[in-house]
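Bear in mind these aren't lab numbers, they're just calculated from the coordinates by the rules spelled out. These figures come from a predicted structure and were not determined experimentally.
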Amino acid sequence: MPNPSETDPIGTDVAVAAPKPSSKPSPREAAVAALMRLAAEQPWNDIEVGDIAREAGLTLAEFRDLFPSKGAVLGGLAKILDRKVLEGDATDLAEEPTRERLFDVLMRRLDAMTPYKDALRRISYALRGDPLSMLALNGVALNSHRFMLAAAGINTEGPLGRLKLQGVVVAFARTVEVWLHDDDPALARTMAKLDKEIRNGERFMERADDARRLTAPFRALGRSLMDRGARRRSGTRNEDEGNPLGGDPAAAI
């Protein structure tokens, strides 16, 4: 005999789908969401760690196990944004120019930031005059954008790689300043700013690459002279000592 809840109004047996369990955010995600809700409604400097814990439904002990400070919760937000961007499908951009791939990745990051826009606007204003906090956030941004560049297929290794990484952090920060006040659903001003920053970055990196190539012989000479001094102090000689460049100078490029 079927249960009455498993029949339609005229008595026909129907299948009853089991309710899907709602996905509960992890405590870390709950703390991030709590901070964003609070920051959207009240000044950043008025928010205490206890406020975040209560809003997230956590004890102080549980919150302490997750984050050492409310600033660290912003680092937690960065990781959530990283994952949202990196989980996106970018296979259709694989054959696109580097500029287009980077533009798409950074716009996807802005899309992921949209639910937190009000909070980020207030936080940005509050931290603008706090150089220590800005320095700490720059470190968080460097870690995030290392993965954004990787998603765009851009190398970040070596001296020029580090320069590219810091350059993208600065370019994105300048774009975010426009985005925070861009209420146009099409984000025309934001996209124009991002495109400009990427093009400026390309030109800067071209000059930096040229400068590195031009100074390669001088860097090789400096290393050779330092090596020669070290060998003299240790009483040893090398067959390359007659060559001030110590070998193939092109190897330093």
Cα-based reach from Lys70 at 25 Å (exclusive), listing lysines while leaving out same-chain residues under 8 positions away: Lys24, Lys79, Lys84, Lys117
Contour minus Cα-Cα distance for Asp111 and Asp195 (0.36 nm per residue): 28.6 nm
Two-decimal Rg to Rh for the stretch 120-201 - Kirkwood Rh, Cα set: 0.99
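Would you mind computing the Rg to Rh ratio of the stretch 27-210 from its alpha-carbon coordinates, Kirkwood style for Rh?
Here Rg/Rh amounts to 0.99.
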Contour excess over end-to-end distance, with Cα ends at Asp183 and Ala61 and 0.36 nm allotted per residue: 40.0 nm
